[in-house]
Amino acid sequence: MLVLPVLTYDPLDPATVNNPYPALAALREQAPVSWHDGMSSWLVTRYDDCTAVLRDHTSFARDRRRTGQTVPEASLSVQSLDPPHQAGVRSLFMNALHAQDLPGLEARARERAVGLLREAADRPSFDVMAEFAAPLSLSVVCDLLGVDEPPLTEFAATSDAIMRSMDGGLDPALVEPGRQAREELTALVESWFAHTGRPGGLLAYVRAGLPTGADETEGMFIRNTARVMFQGGYSTMTAALGNALHTLTECPGAQDRLRRDPRVVPWAAEELVRFDGPVQGTSRTATRDTTIAGIPIPAGDPVVLLFAAANRDPARFPAPDQLLLERRDNRHLGYGWGTHSCIGTRSAQACVRAALDALRTHPVPLRSAGTARRQPSATMRTFTALPATLHP
Ligand code: HEM
């Protein structure tokens, strides 16, 4: 195996957790496809290389069973299957999403965001994550699925355990709490499938669209996918809103630009996800001996595609380290790419737009009110605390 320089990239190093972009730029420039001992994976950092891997399902599997590994049943969902087996469940959910009233969802999300900001403005300072991003995300995801909101505090703890278990490769102690949390959430989703769901909501649509004679395995894929949409959608949305609002408080002039012109909102919603998106990357496994950008990749080797690095690749994005709220040519990888790209993209975009619109019309701009704390994680870029104020 050809082993290239690893540099000193450590995703959990506090300085990197705080700002990963200099380390990712160094990797992209000096060793764009490189083996990382700590992560036992190849790291891919250039935009074109990431999309080339994501296009090539034959050589790079998402479904680890294709390379002889076992995947627990609870993890089998749209996320872990590959085409052609993934197609049925993915299109069932995509069709259910297309049937939803997204402008209505966006309007309700905006109303909720306006209310949350108003409540927050009554206090000298507030935590953007706990008091804005999390409740707004939970409302939007439950609205989309057509289910009643579970109590936020309990659900947030369960979701957090699942999210943290994604770093189980780096810290095995996170695996078991994640498994238990997944079990709890599976029970909740099973109960929704059994007897709840607003007529016309996504879950009711999926239930009605279940192929006649669907076997137990197919039913399990579908229920697991509903769980992923619910928990993954909530946690990613929460992280995305926190990152976006933090960026807006940090980049001089950004909020002024938004406040001056509402037409900027849809472009800004994309640019904020490119600039500091929540999903740092994704993984695949080589199904055969192959190459990436001329580097030999042996069959069975894991490959991590670092979206966060690709989204700042100067070969794809001019002035990549600048936040340009009106950036137009912006096909970033913040929502992934190809057959595993985010199913919830359109609803997530609607929620980010709703939050930005609520913020831009709030009488007072958002300002930082203390030290923000990042979650130490190699997979999900998010905050555990983000103090801010809306006081004049
Ligand atoms: C701004 C918020 C969001 C961002 C940035 C985001 C980002 C992503 C990304 C990058 C992926 C691909 C991961 C990979 O290739 O491994 C993904 C997958 C997925 N997302 Fe999202 N997401 C967001 C919100 C949502 C929401 C609200 C939902 C559901 C309501 C959702 C449901 C899903 C599902 C089900 C997948 C798996 C798709 C598949 O593997 O076929 N996401 N998301």
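The values are calculated or read from the model by the stated rules, or taken from the named source; none is laboratory data. Bear in mind that the values here come from a model prediction, so they are computed numbers and not experimental data. Glycine gets a Cβ as well: all are built from the backbone with ideal geometry, and neighbour counts include every protein chain shown. For accessibility, only protein heavy atoms count, side chains too; no ligands or nucleic acids. Shrake-Rupley method; radii C 1.70, N 1.55, O 1.52, S 1.80 Å.
Using label points projected 7 Å from each Cα along Cα→Cβ, tell me how many nm separate ARG65 and ASN330, to one decimal.
A separation of 3.9 nm, rounded to one decimal place.
Find which of ALA99, THR384, SER40 sits farthest along the positive direction of the dipole of the chain, computed with +1 on the beta-carbon of Lys and Arg, -1 on that of Asp and Glu, about the Cα centre.
Toward the positive end, the furthest listed residue is ALA99.
Over the chain, with a Gaussian network built from C-alpha contacts below 10 Å, which listed residue (THR45, THR361, THR236) shows the highest mean-square fluctuation?
Maximum among the listed residues: THR361.
Counting alpha carbon pairs within less than 8 Å and at least 6 residues apart, what relative contact order, in whole percent, applies to the chain?
Once divided by the residue count of the chain, the mean separation gives 28 percent.
So how exposed is MET129, as accessible area in Å² (1.4 Å probe, rounded to 10)?
10
Which order do VAL175, VAL44 take by accessible area at a 1.4 Å probe, largest first? Don't jump to the answer; show the numbers that get you there.
Numbers: VAL175 75, VAL44 0 Å².
Sorted by accessible area, descending: VAL175, VAL44.
For the range 183-274, with only Lys/Arg (+1) and Asp/Glu (-1) charged at the beta-carbon, what is the dipole magnitude about the Cα centre, in debye rounded to 20?
480
Could you give the dipole magnitude of the range 1-106 about its Cα centre, charging the beta-carbon of Lys and Arg +1 and that of Asp and Glu -1, in debye to the nearest 20?
320
Might you tell me the accessible area per residue for the chain, computed with a 1.4 Å probe and given in Å²?
43
Over the range 14-389, with every protein chain in place, what whole percent of the accessible area is carbon and sulfur at 1.4 Å, could you tell me?
54
For the chain, with a Gaussian network of springs between Cα atoms less than 10 Å apart, report the residue from ASP329, ASP276, ASP321 with the top mean-square fluctuation.
ASP329
Once you have a ≥ b ≥ c as the square roots of the Cα gyration tensor eigenvalues for the range 216-269, tell me rounded if a/c is under 1.5, and otherwise prolate or oblate according to whether a/b is larger than b/c.
Here the range 216-269 falls in the prolate category.
Compute the projected area of the convex hull of the Cα atoms of the chain, averaged over all viewing directions, and report it in nm² to one decimal place.
If you wrap the Cα atoms of the chain in a convex hull and average its projections, you get 18.5 nm².
Rank these by accessible area, largest first, 1.4 Å probe: HIS362, HIS246.
HIS246, HIS362
Under a crude label model (7 Å from the Cα following the beta-carbon direction), how far is ASP48 from ARG373 in nanometres?
Placing both labels 7 Å beyond Cα along the Cβ direction yields 4.4 nm.
Any idea of ARG328's accessible area? Nearest 10 Å², probe 1.4 Å.
150
Rounded to the nearest 10 Å², what accessible area does CYS342 show when all protein chains are kept and the probe is 1.4 Å?
Number for this one is 50 Å².
Less than 15 Å from a label point 7 Å out along the Cα-to-Cβ axis of GLU149: which backbone N atoms in the range 211-254 qualify, by residue?
Hits in the range 211-254 for GLU149 at 15 Å: 234-235, 238.
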